[in-house]
Amino acid sequence: MKLRRVAITGIGISTAIGDELATNISSWREGRTHFGEVGAASGLGGTAVKYAGECPEPPASRLPDRKVKKILTRKDVIGLVTALGAASDAGIKPGARNFDPERFGMYVGAGSTQIKDLTPYFPLVRQCVQDGVFDSLKFGSEMMDLVNPMVVLQTLMNNTLCFAAIALDIRGVNSNFMDFNVSGLRAIGEAFRSIQTGRADLCLAGGVASPVEPFHVGTGVNSGYLARSAELPWSAAEILRPYDRQRCGTVLSEGAAFLMLEDESHARGRGARIWGFIDGYGTGSDGPVEFMQEESAPGLSGSVRRACREAGINSDGKRFAADLIVGHGNGVSRSDSVELDAYALTMASGTPLVSIKSVTGELGEAAGVASCIAALDALALESVPPTFNFSAHDDLLGGQRLITSSISSQAQAIPGARQALVTQRSFLGISCSLVVSKA
């Protein structure tokens, strides 16, 4: 079977920085963050976390129907307007007839909603606990009598997918992924596969996250995942330090990022602008490991090799020579270390490496898609954006020396750059890697 080439024809992004693509890109290059102080208003007062990134409220005018704002949670409103923005950028709008709806798919990374949206369930949950044991049968049988059915609909994980599909008349292949950081990048990868193998002509794919709330923050602090920013001497812009020897955890941010992927011939047939291409995709797992206690990341190494091999990146038989890596780099001590080790095993020495999370924060399900957008910009300009707050990495693990020198707090020129590797890792060592190339 002849595989089809997959083009990127539309981009949409919403972060704490804003929802304009140019504004987000310039902030990644200039180090402008929009982390704000959190407190009693968000339910986070008194925690060890002082800063987080929160999106501006999406205007109702960008919704297909203003009434859906009464139905959807904040997360899904952000996801919906961003997904529709990517489609519009590609020239695909509600009511358009420049595609076959049966050949139009959608893949989304979207996990749990905010816990505050689940509060109507809490009285029922308490009633279903007897002697410390939760009775799921009672919960299921009594839920529809005691909980407003609209709450059930509001808290479905796939609402961004559902409402975007309704608005755009998407009737083809689809799926919703819920494995946090890798979900959005996995959505892109699976959309790529569907188009590449002829199951779809075009797919809208991306991720959305809204984790800034007490449950996620409390869990993150207790696990050591989040930076205890209220206890640190740095400003908001200085806290998230990818790969740096002073890294101390990540900063949560809400946001969404989507791409329109399309068979190249289909895109050219309708005169669409092409931002770039996807050349390879790989996934991997470290197996059952204790979160943030892993000694290595074989799943990441495997996913990198699979994506680079499929993309045809030059290799000496052991390491691949991509022009750039846009890494996971979330500033969590152990995670950054095993990530660097994986690159030392798989990538050529001196390959430029960058993380944009010091500016965006940890975007969860949207993180990998934002990194794809950063990679496309870097390839177009032949310039790697800085990894802000990086000064020097600790050399505890010898293999890291092969890659550490390629991280810079200054922009780096990459003349003639053509392909970039994008990676993400998630809890329990799930990894995704994607290779994108310039138009």
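The values are calculated or read from the model by the stated rules, or taken from the named source; none is laboratory data. Note that this is a predicted model, so its numbers are computed, not measured. Note that we place each Cβ from the backbone using ideal geometry, even for glycine, and neighbour counts take in every protein chain shown.
For segment 262-299, give me each residue that is among the aliphatic types (A, V, I, L, M), crowded, with 23+ Cβ neighbours inside 10 Å and either modelled with pLDDT of 95 or more or not assigned by TED's automatic domain parsing to the domain that holds M347 (or both).
Within segment 262-299, A267, I278 qualify.
Only one residue in A191, A209 is in the same structural domain as G95 (by TED's automatic domain parsing), in contact with a Gly (Cβ under 9 Å, 6 or more places away or on another chain) and under 18 Å from G10 (Cβ atoms). Which one?
None of the other options fit; the residue is A191.
Give G206, G218, G255 a once-over and let me know the one that is out of contact with any helix residue (DSSP H, G or I) (no Cβ under 7 Å at 6 or more places or on another chain) and not aliphatic (A, V, I, L, M).
Matching residue, one of G206, G218, G255: G218.
Can you name the number of the only condition in (1) surrounded by 24 or more Cβ atoms within 10 Å (Cβ to Cβ); (2) of a type outside the set (S, T, Y); (3) outside the structural domain of L84 (by TED's automatic domain parsing) that R334 fails?
(1)
Could you pull out every one of the helices (runs of 4 or more DSSP H) wholly within segment 139-210 that has 1 or more residues that are farther than 19 Å from G85 by Cα and hydrophobic (A, V, I, L, M, F, W, C)?
The qualifying helices (runs of 4 or more DSSP H) are 149-154, 183-196.
For segment 183-190, does any single residue satisfy the condition of being more than 20 Å from S431 (Cα to Cα) and of a type in the set (S, T, N, Q)?
Among the residues of segment 183-190, not one is more than 20 Å from S431 (Cα to Cα) and of a type in the set (S, T, N, Q), which makes the answer no.
Touching a helix residue (DSSP H, G or I) at 6+ places or on another chain (Cβ under 7 Å) and over 26 Å from F177 (Cβ atoms) - does that describe any residue in segment 133-144?
yes
Need pairs with beta-carbon distance below 6 Å; first residue under 11 Å from T423 (Cα atoms) and within segment 295-306, second surrounded by fewer than 22 Cβ atoms within 10 Å (Cβ to Cβ); sequence gap 6+ or separate chains.
Close Cβ pairs satisfying both conditions: S301/L345; S303/T283.
Anything in segment 178-223 that is among the β-branched types (V, I, T) and touching a residue at least 12 places away in the same chain (Cβ under 8 Å)? List them, or say none.
V182, I188, I195, T197, V208, V212, V217, V221
Report yes if V152 is of a type in the set (V, I, T) and either without any contact (Cβ under 8 Å) to a residue 24 or more places away in the chain or loosely packed, with under 14 Cβ neighbours inside 10 Å (or both), otherwise no.
yes
Those residues that are touching a helix residue (DSSP H, G or I) at 6+ places or on another chain (Cβ under 9 Å) and crowded, with 18+ Cβ neighbours inside 10 Å, I need them from segment 163-178; list them, please.
F163, A164, A167, L168, I170, G172, V173, N174, N176, F177
Take the residues in segment 361-385 that are outside any helix (DSSP H, G or I) and among the charged types (D, E, K, R), then tell me which one is surrounded by the most Cβ atoms within 10 Å (Cβ to Cβ).
It comes out as E362.
Would you check which residues across segment 106-149 are among the aliphatic types (A, V, I, L, M), at pLDDT 85 or above and surrounded by 11 or more Cβ atoms within 10 Å (Cβ to Cβ) and list them?
M106, V108, A110, L124, V125, V129 - these are the residues of segment 106-149 that are among the aliphatic types (A, V, I, L, M), at pLDDT 85 or above and surrounded by 11 or more Cβ atoms within 10 Å (Cβ to Cβ).
Of the residues that make up segment 177-185, is at least one β-branched (V, I, T), assigned by TED's automatic domain parsing to the domain that holds L72 and under 13 Å from the mean Cα position of the chain (by Cα)?
There is at least one residue in segment 177-185 that is β-branched (V, I, T), assigned by TED's automatic domain parsing to the domain that holds L72 and under 13 Å from the mean Cα position of the chain (by Cα).
Considering each residue of segment 226-243, count those that are surrounded by fewer than 24 Cβ atoms within 10 Å (Cβ to Cβ) and either of a type outside the set (F, W, Y) or in contact (Cβ under 8 Å) with a residue 60 or more places away in the chain (or both), and give that number.
9
Against the definition (touching a Gly at 6+ places or on another chain (Cβ under 8 Å), on the phi > 0 side of the Ramachandran plot and not assigned by TED's automatic domain parsing to the domain that holds G361), how does G91 come out, yes or no?
For G91, the condition - touching a Gly at 6+ places or on another chain (Cβ under 8 Å), on the phi > 0 side of the Ramachandran plot and not assigned by TED's automatic domain parsing to the domain that holds G361 - is met.
Go through segment 195-210 and count every residue that is farther than 12 Å from M260 by Cβ and crowded, with 24+ Cβ neighbours inside 10 Å.
Total meeting the criteria: 4.
What about E362, is it under 11 Å from the mean Cα position of the chain (by Cα) and either touching a residue at least 40 places away in the same chain (Cβ under 8 Å) or under 14 Å from D244 (Cβ atoms) (or both)?
Yes, satisfied.
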